[in-house]
Amino acid sequence: MSETTSFAKGIIRRLAGNEYVLMVCMAAVIGILGGYGAVGFRWLIGFFQSLFFSHQGRSGVLEAILSLPWYARLIPPIIGGAVVGPMVYFFAREAKGHGVPEVMEAVALKGGMIRKRAVAVKTLASSITIGSGGSAGQEGPIVQIGSGIGSAFGRMAGVSADRMRTLVACGAAAGIAATFNAPIAGAMFALEIILGDFGIAAFTPIVVSSVLATVISRVHLGAFPAFMVPQYSMVSIWEILTYSLFGIVMGIVGVMFTRTLYKIEDLFDAVRIPPYTKAAIGGAAVGCIGIFLPHIYGVGYDTISLALLGQIPWLLLLSLVVIKILATSVTIGSGGSGGVFAPSLFIGAMAGGAFGFLMQALFPQVTAAQGAYSLVGMGAMVSATTHGPITAILMLFEMTGDYKMILPLMLSCIISTVVASQLKRDSIYTLKLARRGVDIRAGKDVNVMRSLLVRDAMTRDVVTVPADMPLKKLVKFTLSSKHSSFPLVDEDGLLEGIVTFQDFKDVVFEEGLGDLVVAKELSPQEVITITRNENLDSALRKIGVKNIEQIPVVDETNPRKIVGILSRRDIFTAYNKAIIDRSITAGGVVEADRNKRRSTA
């Protein structure tokens, strides 16, 4: 019995020392928490929908809204905007908009650091926006919620920046998987859109997180597809031509949606009124639309289901394409909070239905029903807006459970992505970052430097020099040290400056100055510093400005408190390590470990 216990303990110790196993275990916890986060967020949306549009006894939210008088359709979006605007402006401004770009930026440039407050505000603001009728989706907020869970867990565990990004991606995958009951698509969303990297080292934890989040979702929300779709299929081989044309059309519509979203955001930004009042104005505009077309309220899943069943007239389908683009752009552009993924599904379903009706009228013998084109249109629109065709294809397959339409779905998604990327280089996500001057797809090497944080590369053991040290002692101290530059500190240990050999080489041999000149008098007037949470690309730029070898790392709250020192050598060591880590696959790690054991045997 004791031998069995000892063996079990040995196994546990061995697993605990394996970083790869620890990452998988942490991903499992994040997946469970992310799943519950998604379930809780959907419950919160339902709560506010019940509060604003009481739908007891109704089969869905759309039916309940259609039964309300005009003023009961107009007022809720205004109230929602009036609440959300100040909430976002005063508590967490990054909660404004659709959320995914902020996660992408955090992963690429901030080492996965996401503020807890931003996640909390995003959760509440988005649920109020969507629940009150704002035209937005739930996937963006849920991605931010899941990513925030991953970031918080990574901070508690004290993982490196590279591992932190993987944990954040695990949270994003968990959110998408639980929302759409689509574990494969959730994992692919994290890899293709959030990380932009299909490395095996990140793949396993992300898959584990996605699967467990889906299990949680199915336990609480049911194990069925997001949409119940008739069994559509291709009627004729000639439909390849119509679906190809449809892919081109959807690429154009996707770019129209992207451009309209940011044009309207610019219009609201240009209006000179308090920013926290603009969401209420946007809510009023959406409410005016909702009086006549409440189909555009919220995520719009009820309307999408009707389109997939072919139960919406073609003129209404065509109208909803334009109106949904405007309504979503106004909701988000005015300061509301919510995603653009569900609106993309909505627009694609409506555009597909209208296109399918036209094809049916022109070629009735060789064309499938309009509902089939609505199904393909959902994937094509998501591909066009996100530039993520693999995610769109897998998600539509999992959301509908219909494999017979996989060929036209793949064709239309790829064509729409190509057309959209040719017309507009940035996706609906990356354009938001590009407008801030952030290009996360500028190049792999640049991304590596921007994704590494100073705190992971700096040296914490800092050799400092008293600011009042005489020149004579400073010269002896310098000659006996391996360093070439030294931070100067006052009697309280706070930064006073920095001195290098270059600063005093010209006065070393001048007689009489050894006891008269002190180190502070030799230091340049301007001292360049950096904080722990800045990235190495920024550090290298600062070092290059003055052509110095080292830069003091200071506390974020006290710019004179030294917490470390960062040198050029530290930067390039961290860079080289990151490149090696990213190039090693899981199999390579195992082989390296085997070789190490052989060499020491």
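Just a few scattered comments:
- LEU124 vs. criteria surrounded by fewer than 24 Cβ atoms within 10 Å (Cβ to Cβ) and either not assigned by TED's automatic domain parsing to the domain that holds GLY338 or not aliphatic (A, V, I, L, M) (or both): yes
- Wholly within the range 286-385, helices (runs of 4 or more DSSP H) carrying at least 2 residues that are in contact with a helix residue (DSSP H, G or I) (Cβ under 7 Å, 6 or more places away or on another chain) and aromatic (Phe, Trp, Tyr): 341-362
- Pair list, Cβ under 6 Å, 6 or more apart: the range 183-211 residue on the phi > 0 side of the Ramachandran plot and assigned by TED's automatic domain parsing to the domain that holds MET399, other residue crowded, with 20+ Cβ neighbours inside 10 Å and at pLDDT 85 or above: none
- Within the range 454-475, the set of residues being modelled with pLDDT of 80 or more and part of a helix (DSSP H, G or I) comprises VAL454, ARG455, ASP456.
- Meets criteria (outside any helix (DSSP H, G or I) and either in contact with a strand residue (DSSP E or B) (Cβ under 8 Å, 6 or more places away or on another chain) or over 24 Å from ASP537 (Cα atoms) (or both)) for GLY134: yes
- Pairs where the first residue, in the range 87-98, is more than 8 Å from SER337 (Cα to Cα) and the second is surrounded by fewer than 19 Cβ atoms within 10 Å (Cβ to Cβ) and among the hydrophobic types (A, V, I, L, M, F, W, C), C-beta under 8 Å, 6+ apart: ALA92/ALA120
- Out of GLY379, GLY338, GLY371, sole residue that is surrounded by fewer than 24 Cβ atoms within 10 Å (Cβ to Cβ), in contact (Cβ under 8 Å) with a residue 24 or more places away in the chain and in the same structural domain as LEU407 (by TED's automatic domain parsing): GLY371
One line per residue, one yes/no per condition, for (1) of a type in the set (A, V, I, L, M); (2) at pLDDT 90 or above:
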position: GLY17; (1), (2): no, no
position: GLY40; (1), (2): no, yes
position: TRP43; (1), (2): no, yes
position: GLN56; (1), (2): no, no
position: ILE78; (1), (2): yes, yes
position: TYR89; (1), (2): no, no
position: LYS116; (1), (2): no, no
position: LEU124; (1), (2): yes, yes
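Residues are listed down the side, and each one gets a yes or a no for (1) over 28 Å from GLN360 (Cα atoms); (2) of a type in the set (Val, Ile, Thr):
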site	(1), (2)
ILE289	yes, yes
HIS295	no, no
ASP302	no, no
LEU306	no, no
GLY310	no, no
LEU315	no, no
VAL322	no, yes
SER329	yes, no
ILE332	yes, yes
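- Flag if LEU566 is hydrophobic (A, V, I, L, M, F, W, C), in contact with a helix residue (DSSP H, G or I) (Cβ under 7 Å, 6 or more places away or on another chain), at pLDDT below 70 and assigned by TED's automatic domain parsing to the domain that holds THR500: no
- If you go through the range 363-386 and keep only what is among the hydrophobic types (A, V, I, L, M, F, W, C) and at pLDDT below 90, you end up with PHE363, VAL366, ALA368, ALA369.
The values are calculated or read from the model by the stated rules, or taken from the named source; none is laboratory data. Here the structure is a predicted model, which means the values were calculated and not measured. When we count neighbours, we look across all protein chains shown, and the Cβ atoms used for this are built from the backbone with ideal geometry, even at glycine.
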